[in-house]
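The structure appears below as C-alpha cells.
Every number in this text was worked out from the coordinates using simple rules, so none of it is lab data. Note that the structure is predicted; figures quoted are calculated from it, not measured. Positions of Cβ are backbone-derived with ideal geometry, glycine not excepted, and every protein chain shown enters the neighbour counts.
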Amino acid sequence: MNIGIVLRKNKNSNLKDIYSINKEIFDIIKKHDGHVIGIYDIDSIKLCDGIILQGGDDIDYEELNIIKYLYDNDIPTLGICLGMQQMAVSLGGSIKEINNFKHLSNNKYVHDINIDPLSKLYKIIKKDKIKVNSRHKDKIDNTSLEVVAYSSDGIIEAIEDKSKKFFIGVQWHPESLNDENSDMLFTSFFNSLNV
C-alpha cells in the first residue's frame, strides 16, 4: 500500500528550502508494510491509497487544496496537529492562536481528552477519556466537520466525517506516543485502505 505524506517545507543548516517527512510517521508507515510517497500536489495523490497530514507550524495554502480533493474523493485521510487544523480550514473552518502555553509541551502526556461515545474515534479507541501529548500554539475556532473530542479547557482535540471511509483529524501527536491508543488509531487508518 502507498501512503502519501504531504511534504512540509523547512530550512536546512544552509537556510535552503527543503521538504521533509516526520521520521516517526515514516517509521509507522514502514511498520505497517506501507510505502511512503511524498506529496506536493494533487496529481501525486493518484499514486496513494491513503494520506497522512503531518504536523507543522503554519497553514500551507496549497495543502488546503489537496485536503479538499482528498475529502471530495473520499481518500482515507489522517490529520495530525496542524494537519487536523488544515482539515477544518480547507472545509470552511478557521483557527486562532491559543492565549496560554499549557498546550505547548514536550512532555509525553500533557492532559486528558474526552471522546464522544457516538464517534468513529470512540469506536476505534473504545475509550471516552485518554491522555495525550500537546505541542500546538493554535486551535480550531470553528469547523463544518463533526467535533468528537475536547480537552477539559474546551480545545477541540479531534474532528471527523463519519460518512467517509476514514477522515479523522487529531490535535495531538499519536506518532510520538507509541501507546495502545495510538496503535489502534493508526491500525484503523491502515485497515480503511482495504475497504
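Could you work out how far apart the two model spin labels at N194 and D116 are, taking each label as a point 7 Å from the Cα in the direction of the beta carbon, and quote it in nm?
2.9 nm
Give me the dipole magnitude in Debye, nearest 20, for the chain about the Cα centre, with unit charges on the beta carbon: positive for Lys and Arg, negative for Asp and Glu.
360 debye
With θ taken as phi - 60° and the coefficients 6.51, -1.76 and 1.60, list the Karplus ³J(HN,Hα) couplings across the range 130-140 in order, rounded to whole Hz; mark glycine and proline as x.
9, 8, 9, 8, 7, 9, 10, 9, 10, 9, 6
Do the sum for the chain: with -39,500 (n - 2.57) for every DSSP H run of n ≥ 4, divided by all residues, what is the mean residue ellipticity at 222 nm, to the nearest 500 deg cm²/dmol?
Value at 222 nm, helices only: -8000 deg cm²/dmol.
Roughly how many whole Å is it from the C-alpha centroid of the range 2-69 to that of the range 122-195?
Computed from Cα coordinates, the inter-centre distance equals 18 Å.
Which residue, E63, E97, E157, tops the fluctuation ranking in a GNM of the chain built on C-alpha contacts under 10 Å?
For the chain, modelled as a Gaussian network with Cα springs under 10 Å, the answer is E97.
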